[in-house]
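Student: Submitted below is the structure of interest, expressed as structure tokens.
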Amino acid sequence: MDFNDTQQESQYRQQVRTWLDANAGGLKPTGPSVFDAQTRRGEADYVERAKEWQAKKTDAGYGVIQWPKEYGGAGGSQMQAIIYREEEARYEVPAGVFDIGLGMCGPVLMMYADEATKRRLLPSMARGQDIWCQLFSEPIAGSDLAGLRTRAQRDGDDWIVNGQKVWTSGAHYSRYGILVTRHDPTMAKHKGLTFFWLDMKSPGVEVKPIRQISGASNFNEVFFTNVRIPDSQRLGEVGEGWQVSITTLMNERLAVGTVGAPDFKEIFALTRRVALGDQPAIKSAAVRSRLADWYVEAEGLRLTKARTMTRLSRGETPGPEASIAKLVGGVKQQEIGSFGADLLEQAGAVLDSDVLPGHGMFQQAYLASPGIRIAGGSDEILRNIIAERVLNLPGDIRVDRDVPYNEIPTGKG
Amino acid sequence: MNFDFSDAQKMLKTQARDFLKSACPTTVPRRILDGNEPYAAELWKGIVDLEFTGISIPEQYGGIGYGYLELCCVAEELGRAVAPVPFSSSVYLATEAILAAGSEEQKKKYLPQLAAGKLIGTFALAEGAKVPTAKNQETKLEGGKVTGEKLPVPDGDVADFAIVVASSSRGPSLAIVDLKGSGVKREAVATIDPTRSHARVHFSGAPGELLGVEGKGWELKESIFDRAAVLYAMEQLGGSDACLAMSVDYAKGRYAFGRPIGSFQAIKHKLADMYIKNELARANCYYGAWALQSGAKELPVAAAGARISATQAYHFASKENIQTHGGIGFTWEHDCHLFYRRSKLLSLVLGSLHSWKDRLITHLEKQAEGSAASAAA
């Protein structure tokens with residue numbers, strides 16, 4: 001048992017470090033990271049920088065390391081991709097813009113698109129030239145995704161799509177998207193679905209931003225009005241849309257893994273810095289108890305990841321333990337955000353980091369963390385998945401099974 | 001990255017599990033719970049025959065000279081089986097204390113006998129309902145004699161000797177005391193887990209042989225407890241896993257309202273939470289195992305992390321296991337309470353969750369001060 005790289009891994013890590021030192025333009029500042037209410041101001045510029053960085057990485061063989069070369073990847077291993085990610089995380093580089101495309105859209109195309117389409121679309125996705133989004137959730141279909149309504153009706157060699165998607169991250173700067181639709185509302189709900197990829201510039205696609213409680217605006221509503229999609233852009237068979245969606249969501253759960261700062265390190269530092277009564281807050285038994293809880297959770301996640309990496313390093317599939325990261329991390333960040341604000345007493349209400357420098361992080365986390373607990377599978381859905389797929393408990397009894405979709409009760413939604 | 005046990009270690013674990021499945025089904029702890037035997041003597045003999053008592057003892061002292069990762073594998077299985085034997089007191093505490101601080105002569109005298117199961121050792125710290133500190137030890141060591149009372153002492157009624165924490169004129173010290181010798185009176189006390197016996201041990205001028213440096217006993221005790229915390233945590237993890245397996249099994253087979261109760265989300269989510277806590281504990285425990293085996297400087301922090309998360313996981317799993325079972329889980333006849341009792345006992349034996357949380361944060365503060373100081377220099 002050890003935490004060391006194999007010789008090959010260590011050589012690769014060294015090579016990555018050397019390249020990042022020469023090309024990434026500096027390490028991240030240490031100490032508390034600066035949070036800002038990210039509206040869309042400055043976003044276009046950020047996306048441009050992200051594209052430049054992705055292109056530079058691709059030229060050096062670090063773009064999408066684990067993809068085959070013919071699709072714009074570097075033909076490397078999953079382990080090399082992880083090593084690169086670990087190293088890159090220490091540097092100040094634009095991140096996050098391509099996660100959905102590379103983590104979900106790419107893999108689904110690789111599995112279901114024809115060869116010509118893959119060779120046409122994947123290299124520009126890998127290089128960051130074209131950003132992709134995922135058009136799944138709808139106002140009526142969130143956790144119960146298969147309840148979606150967006151209609152696709154056959155018209156010769158095309159399909160005509162009408163309906164609405166929601167919570168679509170990055171739709172406003174995406175060139176392409178993957179889309180799941182209902183082609184037959186008289187079939188049972190999981191059976192009447194069909195999957196496509198589409199050009200987001202198609203006539204009839206309209207993107208409207210959604211403002212989140214944090215003030216940020218990462219995602220959108222997307223409206224479809226008589227949008228024409230060629231049948232050649234269908235992924236999977238007609239009626240196979242649910243299986244294709246599940247493949248994508250499996251990838252999503254691997255892609256959406258770790259929850260960032262503030263974590264134990266930041267709240268620990270804060271409790272040493274601020275006073276509670278006449279002494280540093282960390283001297284309070286109540287504070288110490290909470291800190292210890294978060295420490296073992298944070299360490300538990302870090303070390304669970306080390307177990308997953310061990311499996312990958314041996315060329316094995318990750319075990320079910322990898323599924324707990326977001327579930328534990330989301331709640332932890334929400335509690336840390338709330339506790340961090342509490343430690344500032346009344347000043348905990350102040351959000352403006354210009355007024356109280358270095359202190360906005362906890363308040364921002366307080367406002368942003370509810371989203372983590374919902375996105376990419378809500379806490380409740382993730383618990384169901386652990387119970388049913390890991391512990392093999394029986395599925396829920398469903399009143400909508402084998403009922404034609406258009407006869408399922410919908411309530412007020 | 002190789003954060004896992006080796007194939008050979010996993011084989012040892014399987015061996016231990018298979019042995020305990022046949023030698024220690026829950027009828028064994030139940031027999032101890034209901035009867036008058038202090039521990040399962042035939043099970044203890046079986047464990048000794050498999051040389052589990054000598055795993056961490058070097059061959060020159062009669063052991064088999066494996067490492068701590070191997071001992072961790074066995075500990076996890078003993079915990080899973082709620083084994084009613086004095087293994088933890090004799091191996092994690094007494095053997096480890098002598099390995100850590102014994103003179104050559106003491107090692108030769110005790111270790112071969114401990115490995116062979118001819119001696120059972122234990123560790124005597126608690127003096128009733130108070131948090132033990134370096135300054136509040138009322139048991140005295142004066143002129144090679146120990147005087148005072150320890151309560152409770154795990155396996156104190158059956159152990160051959162105890163390592164006793166006592167104050168001498170130079171400060172807290174450790175003394176090896178023959179519990180069958182003169183000046184020792186002991187009586188078993190009822191505890192929340194009768195499958196593991198405990199005693200009140202009274203010393204009136206009992207001969208005490210110094211272990212380690214006089215006056216340095218507290219530091220020694222701290223380091224012995226750090227090491228033992230990892231091993232106890234592995235037992236806690238094993239017990240916690242057993243509770244999850246029991247709950248899942250029951251939830252699949254028990255029907256209510258015309259369906260398995262495991263199809264209700266109230267049960268599913270509870271068991272998913274059990275799984276999550278167990279996985280967090282497993283990761284922390286493995287880290288503790290790594291630190292113990294490699295003698296890493298991270299050991300105090302890793303041990304506290306393992307102890308805290310395994311205590312939390314076992315508490316949750318053992319109480320919610322009863323809850324999942326409903327009324328039947330609250331009966332004496334059902335096995336749920338074996339785990340519920342053991343969970344609480346193990347969470348107290350080296351000091352409470354409260355104490356270990358405080359200990360963890362103290363170590364982290366020292367680390368932070370250390371790195372701030374080295375950054376300044």
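Student: Looking at A:ILE65 and the list (1) modelled with pLDDT of 95 or more; (2) surrounded by fewer than 21 Cβ atoms within 10 Å (Cβ to Cβ); (3) touching a helix residue (DSSP H, G or I) at 6+ places or on another chain (Cβ under 9 Å), which single condition is not satisfied?
Tutor: Looking at each condition in turn, A:ILE65 falls short on (2).
Student: Which members of the stretch B:255-272 meet the condition of being hydrophobic (A, V, I, L, M, F, W, C), assigned to a helix (DSSP H, G or I), more than 7 Å from chain A (Cβ to nearest Cβ) and crowded, with 17+ Cβ neighbours inside 10 Å?
Tutor: B:ILE261, B:ILE267
Student: Which is more than 30 Å from A:THR310 (Cβ to Cβ) and surrounded by fewer than 20 Cβ atoms within 10 Å (Cβ to Cβ), of B:LYS21, B:LYS10, B:LYS45?
Tutor: B:LYS45
Student: Could you list all residues from the stretch A:372-381 that are part of a helix (DSSP H, G or I) and either out of contact with any Leu (no Cβ under 7 Å at 6 or more places or on another chain) or at the interface with chain B (Cβ under 8 Å from one of its Cβ atoms) (or both)?
Tutor: A:ILE372, A:GLU380, A:ILE381
Student: What pairs can you find where one residue is in the stretch B:273-284 and facing another protein chain (nearest Cβ under 7 Å) and crowded, with 24+ Cβ neighbours inside 10 Å, the other is among the charged types (D, E, K, R) and part of a helix (DSSP H, G or I), and their Cβ atoms are less than 8 Å apart, with a gap of 6+ or different chains?
Tutor: Taking only residues 6 or more apart or on different chains, the pairs are B:GLU279/A:GLU321; B:LEU280/A:GLU297; B:ALA283/A:GLU299; B:ALA283/A:ARG302; B:ALA283/A:ARG307; B:ALA283/A:GLU321; B:ASN284/A:GLU299.
Student: Out of the residues in the stretch A:313-322 that are crowded, with 18+ Cβ neighbours inside 10 Å and facing chain B (nearest Cβ under 9 Å), state the one that is nearest to A:VAL390 (Cα to Cα).
Tutor: That would be A:GLU321.
Student: Could you pull out the residue among B:GLU138, B:GLU127 that is at pLDDT 95 or above, touching a Gly at 6+ places or on another chain (Cβ under 6 Å) and within 24 Å of B:SER355 (Cα to Cα)?
Tutor: Among B:GLU138, B:GLU127, only B:GLU138 is at pLDDT 95 or above, touching a Gly at 6+ places or on another chain (Cβ under 6 Å) and within 24 Å of B:SER355 (Cα to Cα).
Student: Mind checking which residues of the stretch B:132-147 are under 28 Å from B:THR195 (Cβ atoms) and touching a strand residue (DSSP E or B) at 6+ places or on another chain (Cβ under 6 Å)?
Tutor: Correct list: B:THR139 only.
Student: Within the stretch A:194-223, count every residue that is closer than 27 Å to A:ALA116 by Cα and not in a loop (DSSP other than H, G, I, E, B).
Tutor: Summing the residues that are closer than 27 Å to A:ALA116 by Cα and not in a loop (DSSP other than H, G, I, E, B) in the stretch A:194-223 gives 7.
Student: Please go through the stretch B:197-254 and give me each residue that is under 23 Å from B:ALA134 (Cβ atoms) and either modelled with pLDDT under 95 or within 14 Å of another protein chain (Cβ to nearest Cβ) (or both), ordered by number.
Tutor: Correct list: B:ALA229, B:VAL230.
Student: Search the stretch A:397-413 for residues being acidic (Asp, Glu) and exposed (fewer than 15 other Cβ atoms within 10 Å of the Cβ), and hand back the single one that is nearest to the other protein chains (Cβ to nearest Cβ).
Tutor: Only one residue fits best here, namely A:ASP402.
Student: Does A:LEU102 count as within 22 Å of A:ASP231 (Cβ to Cβ), part of a helix (DSSP H, G or I) and in contact (Cβ under 8 Å) with a residue 12 or more places away in the chain?
Tutor: Judged against the criteria, A:LEU102 is not a match.
Student: Still on this model: Are any residues in the stretch A:273-309 touching a strand residue (DSSP E or B) at 6+ places or on another chain (Cβ under 6 Å) and facing chain B (nearest Cβ under 7 Å), and if so, which ones?
Tutor: Within the stretch A:273-309, no residue meets the criteria.
Student: Select from the stretch B:108-134 the residues that are without any contact (Cβ under 8 Å) to a residue 12 or more places away in the chain and in a loop (DSSP other than H, G, I, E, B) and write down the one among them that is surrounded by the fewest Cβ atoms within 10 Å (Cβ to Cβ).
Tutor: B:ALA129
Student: Which pairs do you get when a residue that is among the hydroxyl-bearing types (Ser, Thr, Tyr), found in the stretch B:219-241, comes within reach of a residue that is at pLDDT 95 or above and not in a helix (DSSP H, G or I), reach meaning Cβ atoms under 9 angstrom, with the pair 6+ apart or on two chains?
Tutor: Every condition considered, the pairs that remain are B:TYR232/B:LEU350.
Student: Under the condition of being of a type in the set (A, V, I, L, M) and assigned to a loop (DSSP other than H, G, I, E, B), which residue from the stretch B:337-377 is farthest from the chain's Cα centre (by Cα)?
Tutor: Only one residue tops the list, namely B:ALA377.
Student: Can A:ILE385 be described as touching a Gly at 6+ places or on another chain (Cβ under 9 Å), within 14 Å of chain B (Cβ to nearest Cβ) and of a type in the set (Val, Ile, Thr)?
Tutor: Criteria met by A:ILE385.
Student: Out of the residues in the stretch A:116-164 that are at positive phi and surrounded by 16 or more Cβ atoms within 10 Å (Cβ to Cβ), state the one that is nearest to the chain's Cα centre (by Cα).
Tutor: The selected residue is A:GLY128.
Student: With respect to B:GLU298, is the statement that it is of a type outside the set (A, V, I, L, M), surrounded by fewer than 19 Cβ atoms within 10 Å (Cβ to Cβ) and within 22 Å of the chain's Cα centre (by Cα) true?
Tutor: In short, yes.
Student: Residue by residue through the stretch A:396-413, note down the ones that are in a loop (DSSP other than H, G, I, E, B) and either closer than 22 Å to A:LYS326 by Cβ or touching a Lys or Arg at 6+ places or on another chain (Cβ under 8 Å) (or both).
Tutor: A:ASP396, A:ILE397, A:ASP400, A:VAL403, A:ILE408
Student: Next question, about the same structure. Under 6 Å by Cβ, and 6 or more places apart or on different chains, what pairs join a residue from the stretch B:52-69 that is in a helix (DSSP H, G or I) with one that is surrounded by fewer than 21 Cβ atoms within 10 Å (Cβ to Cβ) and of a type in the set (Lys, Arg)?
Tutor: Close Cβ pairs satisfying both conditions: B:TYR61/B:LYS107.
Student: From (1) free of Cβ contacts under 8 Å to residues at least 24 places away in the same chain; (2) at the interface with chain B (Cβ under 10 Å from one of its Cβ atoms); (3) surrounded by 16 or more Cβ atoms within 10 Å (Cβ to Cβ), pick out the condition that doesn't hold for A:GLY348.
Tutor: (2)
The values are calculated or read from the model by the stated rules, or taken from the named source; none is laboratory data. The structure displayed is predicted, hence computed values, not measured ones. Please note: Cβ atoms are built from the backbone with ideal geometry, for glycine as well, and neighbour counts cover all protein chains shown.
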